[in-house]
Amino acid sequence: MIFGIGCDLCAVARMEKSLTGPHGAAFARRVLGPEERAALGLSEEGQGTLSAHRIASAAADFAAKEAFLKAAGTGLAGPFSLAEIQAVRLPSGAPAYRFSGRTAEWVAQRQLTAHLTLSHDGGMAMAVCLLEENGTPCIR
């Protein structure tokens, strides 16, 4: 059974400004998890050269975080930290969520499976999150 659905859009230019501005390293550490920073080629200090494709991927990752919060129905008022909600790529290239910390505990307590789809084009990135209660089919 569906627990919640969320979607979000993020302007790629806004993400570029956030990551490359004077506080870009702090923003990356606060918002992106370690696997996301590694995939973007950012060091622990948040330093790295970001191609247009990587910036678009970062915008999609950010949209995935917001989509999850909407599907959870709590926003950031819940027990969540944005860096604990990671959008990772499977070996096949498909996007997936990886949770840590209190976010992972929240998902496990509710026995949820999170499904994610991402896209970016025309200066915008989008994400859709579907939270499904484990053990029940999403589509009958």
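Table for the structure above
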| item | result |
| --- | --- |
| Long-range neighbours under 6 Å by Cβ, at least six apart or interchain, first residue under 20 Å from Arg37 (Cα atoms) and touching a residue at least 40 places away in the same chain (Cβ under 8 Å) within the stretch 98-111, second charged (D, E, K, R) and assigned to a helix (DSSP H, G or I) | Ser100/Glu84 |
| Any hit, the stretch 89-96, residues being in contact with a Leu (Cβ under 9 Å, 6 or more places away or on another chain) and within 17 Å of Phe3 (Cα to Cα) | no |
| Odd one out for Met15, checked against (1) exposed (fewer than 15 other Cβ atoms within 10 Å of the Cβ); (2) in contact with a strand residue (DSSP E or B) (Cβ under 8 Å, 6 or more places away or on another chain); (3) not aromatic (Phe, Trp, Tyr) | (1) |
| From Leu90, Leu82, residue being at pLDDT 90 or above, among the hydrophobic types (A, V, I, L, M, F, W, C), closer than 27 Å to Thr113 by Cβ and buried (at least 18 other Cβ atoms within 10 Å of the Cβ) | Leu82 |
| Number of the exception - Ala63 against (1) touching a residue at least 40 places away in the same chain (Cβ under 8 Å); (2) within 16 Å of Gly101 (Cβ to Cβ); (3) of a type outside the set (Phe, Trp, Tyr) | (2) |
| Hey, Leu9 outside any strand (DSSP E or B) and among the hydrophobic types (A, V, I, L, M, F, W, C) or not | no |
| Criterion violated by Val88 - all others in (1) under 15 Å from the mean Cα position of the chain (by Cα); (2) under 20 Å from Met124 (Cα atoms); (3) not in a strand (DSSP E or B) satisfied | (3) |
| Criterion (in contact with a helix residue (DSSP H, G or I) (Cβ under 6 Å, 6 or more places away or on another chain), part of a helix (DSSP H, G or I) and buried (at least 18 other Cβ atoms within 10 Å of the Cβ)) met by exactly one of Leu42, Leu69 | Leu69 |
| Sole residue being closer than 20 Å to Ala127 by Cβ, at pLDDT 95 or above and aliphatic (A, V, I, L, M), chosen from Ala52, Ala38, Ala72 | Ala72 |
| Pick from the stretch 120-140, criterion farther than 13 Å from Ala67 by Cα and small (Gly, Ala, Ser), ranking: modelled with the lowest pLDDT | Gly135 |
| Pairs where the first residue, in the stretch 73-94, is under 10 Å from Trp106 (Cβ atoms) and the second is in a loop (DSSP other than H, G, I, E, B), C-beta under 7 Å, 6+ apart | Glu84/Gly33; Glu84/Ser100 |
| Pick from the stretch 111-135, criterion touching a Phe, Trp or Tyr at 6+ places or on another chain (Cβ under 7 Å) and farther than 19 Å from Arg89 by Cα, ranking: surrounded by the fewest Cβ atoms within 10 Å (Cβ to Cβ) | Glu133 |
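The values are calculated or read from the model by the stated rules, or taken from the named source; none is laboratory data. The shown structure was predicted, so the numbers you read here are calculated from the model rather than taken from an experiment. All Cβ positions, even for glycine, are placed from backbone atoms using ideal geometry, and neighbour counts span all protein chains on display.
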